[in-house]
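Contents: one structure, followed by commentary.
The values are calculated or read from the model by the stated rules, or taken from the named source; none is laboratory data. All figures in this text were calculated on a predicted structure; none of them were measured in a lab. Backbone-built Cβ (ideal geometry, glycine too); neighbour counts: all protein chains shown.
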Amino acid sequence: MPTMTEKIIQKHLTEGNLERGKKIALTIDQTLTQDATGTMAYLQLEAMGVDQVKTELSVSYVDHNTLQSGFENADDHKYLQTVAAKHGIYFSRAGNGICHQVHLERFAKPGKTLLGSDSHTPTAGGIGALAMGAGGLDVACAMAGRPFYLTMPKIVKVELTGRLNKGVSSKDIILKLLSTLSVKGGVGKVIEYCGEGVKTLSVPQRATITNMGAELGATTSIFPSDEITEAFLRKQQRSEDFVPLCADDDAVYDESYTIDLSTLEPMIAMPHSPDNVVSISEVEGKPIDQCSIGSCTNSSYMDMMSVAAILKGKVANERVSLTISPGSKQVLNMIAQNGALADMIASGARILESTCGPCIGMGQSPITNAWSLRTFNRNFYGRSGTLSANVCLVSPEVAAASAVSGVISDPRKVDYELPQEPQEFIIDDRCIIKPCAAKASEVEVIRGPNIKELPMNQRLSDTIEKPVLLKVEDNITTDHIMPAGAKVLPYRSNIEKISQFVFRDVCADFAQRCHDNNGGIIVAGSNYGQGSSREHAALAPMYLGIKAVIAKSFARIHHANLINFGILPLQFVNEADYDAVEEGDVLRFSNLSMLKPNEPITVDNLTKGTTICLSHSLSELDITTLSYGGTLNLIKAEQNKQN
């Protein structure tokens, strides 16, 4: 009576069992990286002394920063291409598409495990893969043949019934679920979709839903691999990759929900959180300034065709800046050949590269105090590049209809022709460079001057006495901790430089505080570190001397990243202790060499003369890793013992 998740985990299990809440280890079949996280991941892989990757398939994508406004960005791309050739990794060139869209089209397989250094790696759950986001160091370890450790998640059933009406999108399904569960509702859980409504959704529609499962905080989300999956793979000329996968009829779940697709209406996530969801009817008619269509959430062929159908014969309102980013070269080729691209251009839309672009803050920042509709997955404060902007998340249909009218609009009231599914997809993989093992030894890995050596942490001290340098509220995202955007991304391989941006939009002098105090402590509310998998949100604070983060609770990936880089992740037992701690309080941690799983620790607040009780969820391996100052230190110690 296993679920889909349990079936895949059981086949890949190397340590532990299926007991909820216990640590397990999995063999990873595939990995993916993107350029904003990949440079650091491959520097870490090289530091492990790995010759050729040990996975079935590893792919390096360039999709986040393709602006190339200086040499730093271009140098990173050259490094990524050469290091991929050296170590047996496929390389998807800039312009070939967004990693999750391309991986869904060309590589993802039902029943396989996929680990990606991007939090939206669960997109491949739309094709029946167990796909999880992780920090770059965890992905590097997987490429080196090491298992991936996580806590055995709870499994949640979401049954879909009925069929979507015209003008209602799969985006509205996940927005509805976010309004029900919140951005914390999926933490420690896998979301499994089932029911007759599943049969009405294409693989890209399913992928939109699993993509934004990351916004629930879920470990991953997954759909069955069925006849719809088989048809998609056949059109991609990958029939041999199909395997059927579904939960047993009597599978047991930890939670269950039902969504009737026939009753759904278009939804919108209001600023500044993906779970701040209301129906379009509640805000219909509100003037807007920008519509940006694309991202790994909504840039598939059918998304683009729906947008083109609504825009056909119309022009975007004079107040609205309209941008469209097709998700892959395959999608762009197809809409160019069938005339849909011409309809978009005629509407006044600005056609951007097949990259993440505005979603990661790379251009298209809206005007001051703007209302911006985006088909993306995140609308965190400041992520667009304009701190005063009001960014909302919507479906492609809502975005297109609103771009024409100039106000938030219901696409059900627009007369347009529904597009038809393609009979086949254009297959052209010439921008994916396949590695050649026979020539690997001849490859020179090229490192530009901006690519610096990895900073290494020191071993954990038995006693830490440091001030609280920053206290923050609930739901602090990795965008708060380590911003993205055109000014920051070029330094992803230069930790010394990028560390100056840590908490830039929260506490402008944070880096200086760290310098003045030789490091310190961060205190946070619940769900600390939600959002992106970017390990720089742990690596750069480590470089600045942060020794511990004490929070009410942590997001999964960030918690793992903190451990990977030797920063203690601890949790308040009593909420009153969070309220009592203030910035500037000096905390003393004692007897850290005696840290043990499931045993709370006490910390002295020397400023207040009080004692705080803290808990943690650290395993024996986590504690050992922290004692060495992080995962790379531990690996090097193991290698030295073997030698």
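The table that follows gives values for the structure above.
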| item | result |
| --- | --- |
| Any pair with Cβ under 6 angstrom, 6 or more apart, that starts in region 317-342 at a residue that is touching a residue at least 40 places away in the same chain (Cβ under 8 Å) and ends at one that is outside any helix (DSSP H, G or I) and among the charged types (D, E, K, R) | 323/350 |
| Where residue 459 falls short, out of the listed (1) outside any loop (DSSP other than H, G, I, E, B); (2) farther than 26 Å from residue 366 by Cβ | (1) |
| Residue match in region 344-351 (condition: modelled with pLDDT of 95 or more, among the hydroxyl-bearing types (Ser, Thr, Tyr) and closer than 23 Å to residue 66 by Cα) | no |
| Matching residues in region 560-606 - criterion: being of a type in the set (S, T, N, Q), within 32 Å of the chain's Cα centre (by Cα) and closer than 17 Å to residue 471 by Cβ | 571, 574 |
| Options 27, 39; residue that is crowded, with 20+ Cβ neighbours inside 10 Å and assigned by TED's automatic domain parsing to the domain that holds residue 98 | 39 |
| Out of 137, 150, 216, sole residue that is under 26 Å from residue 20 (Cα atoms), of a type outside the set (Gly, Ala, Ser) and surrounded by fewer than 24 Cβ atoms within 10 Å (Cβ to Cβ) | 150 |
| Matching residues, region 363-378, being polar (S, T, N, Q) and modelled with pLDDT of 95 or more | 368, 369, 372, 375, 377 |
| Candidates 114, 67, 13, 80, filtered to the one that is under 21 Å from the mean Cα position of the chain (by Cα) and closer than 30 Å to residue 616 by Cβ | 114 |
| Residue selected from region 573-600 under the condition not hydrophobic (A, V, I, L, M, F, W, C) and not in a loop (DSSP other than H, G, I, E, B), by the criterion farthest from residue 622 (Cα to Cα) | 579 |
| Where a residue in region 614-643 is closer than 15 Å to residue 44 by Cβ and its partner, wherever it lies, is β-branched (Val, Ile, Thr) and surrounded by fewer than 20 Cβ atoms within 10 Å (Cβ to Cβ), with Cβ under 8 Å and at least six apart | 634/624 |
| Region 525-555 - residue that is of a type in the set (D, E, K, R) and in a loop (DSSP other than H, G, I, E, B) and, of those, modelled with the highest pLDDT | 552 |
| Unique match (being in a helix (DSSP H, G or I), over 30 Å from residue 58 (Cβ atoms) and not aromatic (Phe, Trp, Tyr)) among 175, 160 | 175 |
| Counted residues, region 618-643 - those being in a loop (DSSP other than H, G, I, E, B) and either in contact with an Asp or Glu (Cβ under 7 Å, 6 or more places away or on another chain) or over 17 Å from residue 547 (Cα atoms) (or both) | 2 |
| Given (1) modelled with pLDDT under 95; (2) of a type in the set (D, E, K, R); (3) surrounded by fewer than 17 Cβ atoms within 10 Å (Cβ to Cβ), number of the condition residue 434 does not satisfy | (1) |
| Answer residue from region 42-75, given it is touching an Asp or Glu at 6+ places or on another chain (Cβ under 6 Å) and closer than 21 Å to residue 440 by Cβ and is surrounded by the most Cβ atoms within 10 Å (Cβ to Cβ) among those | 62 |
| Positions within region 381-410 being crowded, with 23+ Cβ neighbours inside 10 Å and either assigned to a loop (DSSP other than H, G, I, E, B) or outside the structural domain of residue 315 (by TED's automatic domain parsing) (or both), in sequence order | 383, 384, 389, 394, 395, 408, 409 |
| Test result for residue 477, touching a residue at least 40 places away in the same chain (Cβ under 8 Å), more than 30 Å from residue 357 (Cα to Cα) and of a type in the set (S, T, N, Q) | no |
| Failed criterion for residue 247 (all others in (1) out of contact with any Cys (no Cβ under 7 Å at 6 or more places or on another chain); (2) more than 24 Å from residue 362 (Cα to Cα) hold) | (1) |
| Qualifying position, being surrounded by fewer than 21 Cβ atoms within 10 Å (Cβ to Cβ) and at pLDDT 95 or above, among 494, 450, 517 | 517 |
| Residue in region 620-632 that is surrounded by the fewest Cβ atoms within 10 Å (Cβ to Cβ), counting only those that are under 15 Å from residue 146 (Cβ atoms) and among the polar types (S, T, N, Q) | 624 |
| Wholly within region 203-317, strands (runs of 3 or more DSSP E) carrying at least 2 residues that are of a type in the set (Asp, Glu) and on the phi < 0 side of the Ramachandran plot | 255-260 |
| Residue check for residue 68: of a type outside the set (Ser, Thr, Tyr), closer than 23 Å to residue 430 by Cβ and modelled with pLDDT under 95 | yes |
| From the options 197, 185, residue that is in contact with a strand residue (DSSP E or B) (Cβ under 9 Å, 6 or more places away or on another chain), part of a loop (DSSP other than H, G, I, E, B) and either β-branched (Val, Ile, Thr) or not assigned by TED's automatic domain parsing to the domain that holds residue 635 (or both) | 185 |
